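Every number in this text was worked out from the coordinates using simple rules, so none of it is lab data. What you see is a predicted model; the values in this text were computed from it and never measured. Note: ideal-geometry Cβ built from the backbone for every residue, glycine included; neighbour counts use all protein chains shown.
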Amino acid sequence: MSLEDHAEELASDLGVDKEEVRRDLKNLVEYSVPMDEAKQSLRRKYGDGGGGGSDGTPSSKAISEVSTDDSNVTVTAVVLTSGRRSIQYNGEQHVIREGELADESGTISYTAWDGFGADLEPGQTMQFGNAGVREWDGKPELNLGDSTQTSVVDETLDVDAEVGGEASLRDLEPGDRGITVEVQVLECEEKVIDGRDGETTILSGVLGDATGRLPFTDWEPHDAIEEGASVRIEETFVREFRGAPSVNVSEFSTVTPLSESVAVADDAPRMSIREAVESGGQFDVELAGNVIEIRDGSGLIERCPECGRVIQNGQCRSHGAVEGEDDLRTKAILDDGTATVTVILDDELTARIYGGDLEDAREHARDAMDKEVVADRIADHVVGLEYVVRGSLSVDEYGANLNASEFAESEDDPAERATTLLREVDA
Ligand SMILES: [Zn+2]
């Protein structure tokens, strides 16, 4: 049945104008409300007591009881977070609100569409009557729209969650919204991108606090965000970037300079390789293990001068025959007994473990009339030894790769490390 047919049927059932029903129905369906649910909601709107059978009033539920099988529910909950986001829809800009609600039983995400009239102040307890339920990422989420009846409740709920979205960088997860962080801007650069309305300038870089570091993007450059500044950023949202969380600052975010500098952790969190790989990616992590092999494409390599890709026999995949530029790189396989990861060392770290710079490597290869001697010497120096590595881990269909910022021989007591690993394996 087409949307047209549904509208026709509904309009004749309810005895109202078909065009009006069709418009409402189209709206709801475009907001990904399922057809049955959209029709029920319109029956209520046009006063036909119920979507078949019941009196049409959705039942009151505790948040933990809301399931993706529900179409509409009534919940009483505290607003934990509330963040605005602008989306494009039907060729127009709409501002939606997203965040989390909590009651004594648990938490649930919500999206408030622009037909939803009420304010959503964090800390306020509210009753949401006839809130739509949709499935998002396998979990139920509340859809608040113009058919949701809202009232402020003068009641304090004993919720087991923090109100207001203040968070440390380590606790952020992709999908978090309405988040406030206090951070130091560690790196910041301007970038020009092709946006919706032509070229626009954005900021991107790295933020840090006492718990860790994360990349950020500011889509609407704020003056207070500059390298070295300590700032409080309200109303950010978190997206996934290469498997790790990334902080997004928007036109709705408030950035306030802080008079005191935010302390930034020197160390990256130490994880087992398995734990790090299973997390899907880490922006800044420390791993320790034995180098078991040096992979092909290590040592003295050649890069395309256009795109920087490593090339073979003077051929770039994108640029064809090119005059390659020499470089040093190492791809080392690190194993800690739980899993393995490929550690990628840049020219500087490679020069350190090779024991010479690019010029030395060229001479070495010329003398031997073989480039492979450089990789061979690197392997002689590191394979079998234990290293502590810090860097950015990405996990994709090609495997787990860690771009190293630090690579140092381990000073850990091997016996102690073995005990820790055994404990982990037992757990
Ligand atoms: Zn190229």
Item to check | Degrees separating the helix 358-368 axis from the principal Cα axis of the chain, which is the longest one | outcome: 50 degrees
Checklist entry - Tell me, what is the percent relative contact order of the chain, built from C-alpha pairs under 8 Å that lie six or more residues apart? => result 9 percent
Next on the checklist: For V206, what residues show an amide H to amide H distance below 5 Å, using hydrogens built from the backbone and excluding near sequence neighbours?
Outcome noted: L186, E187, C188, F216
Item to check | Qualifying lysines (Cα of each under 30 Å from Cα of K371; at least 8 residues distant if same chain) | outcome: K331
Item to check | Listed residue pairs exceeding 30 Å between alpha carbons, taken from K139/K191; K18/K139; K26/K191; K45/K139; K26/K61 | outcome: K139/K191; K18/K139; K26/K191
Checklist entry - Dividing the Cα convex hull volume of the range 273-426 by residue count, how many Å³ per residue is that? => result 112 Å³
Checklist entry - Whole-Hz Karplus ³J(HN,Hα) for the range 92-105, in order, using 6.51 cos²θ - 1.76 cosθ + 1.60 and θ = phi - 60°, x for Gly and Pro? => result 10, 7, 10, 9, 10, 10, 9, x, 10, 10, 9, 10, 4, 8
Checklist outcome for this item: E19 and A263 label points (each 7 Å along its Cα→Cβ direction) are spaced in nm at 6.7 nm
Next on the checklist: Pairs of alpha-carbon atoms within less than 8 angstrom and 6+ residues apart define the contacts here; what relative contact order does the range 3-45 have, in percent?
Outcome noted: 35 percent
Item to check | Alpha-carbon gyration tensor eigenvalues x 5, square-rooted, for the range 169-257, Å | outcome: 19, 15, 12
Checklist entry - Fully extended, how many nm does the chain gain between R242 and E199 (0.36 nm per residue separation, minus their Cα-Cα distance)? => result 13.1 nm
Item to check | Relative compactness, the range 211-318, computed as alpha-carbon Rg over 2.2 N^0.38 Å | outcome: 1.49
Checklist entry - By how many nm would the segment from R309 to E278 grow when fully extended, if each residue of separation counts as 0.36 nm and the alpha-carbon distance is taken off? => result 8.4 nm
Item to check | Integer Hz, Karplus 6.51/-1.76/1.60 couplings in order for the range 66-71, x for Gly and Pro | outcome: 5, 10, 5, 7, 6, 9
Checklist entry - Taking the highest mean first, how do the peptides 7-17, 152-162, 192-202 order by number of other beta carbon atoms within 10 angstrom per residue? => result 7-17, 152-162, 192-202
Checklist entry - ³J(HN,Hα) across the range 196-205 via Karplus (A = 6.51, B = -1.76, C = 1.60, θ = phi - 60°), whole Hz, x for Gly/Pro? => result 4, 10, x, 5, 9, 9, 10, 10, 9, x
Next on the checklist: Can you sort H381, H364 from fewest to most other Cβ atoms within 10 Å of each residue's own Cβ?
Outcome noted: H381, H364
Item to check | Debye equation applied to the C-alpha atoms of the chain, log10 I(q)/I(0) at 0.11 Å⁻¹ | outcome: -0.99
Checklist entry - Distance from the Cα centre of the range 200-258 to that of the range 277-307, in angstrom? => result 27 Å
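State, as an integer percentage, the relative contact order of the range 209-315 based on alpha-carbon contacts under 8 Å between residues 6 or more apart. Intermediate values should be presented prior to the final figure.
On the way: 136 pairs, mean separation 27.2, N = 107.
Value for the range 209-315: 25 percent.
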Next on the checklist: Helix 372-382 against the longest principal axis of the chain: what's the angle in degrees, Cα atoms only, rounded to the nearest 10?
Outcome noted: 80 degrees
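Step by step: find N for the range 3-45, compute 2.2 N^0.38 Å, then divide the Cα radius of gyration by it. What's the final number?
Taking the Cα Rg and dividing by 2.2 N^0.38 Å, one obtains 0.97.
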Checklist outcome for this item: With 0.36 nm assigned to each residue of separation and the Cα-Cα distance removed, E409 to E293 gains 40.2 nm
Checklist entry - How would you order 226-239, 115-128 from highest to lowest mean count of nearby Cβ atoms within 10 Å? => result 226-239, 115-128
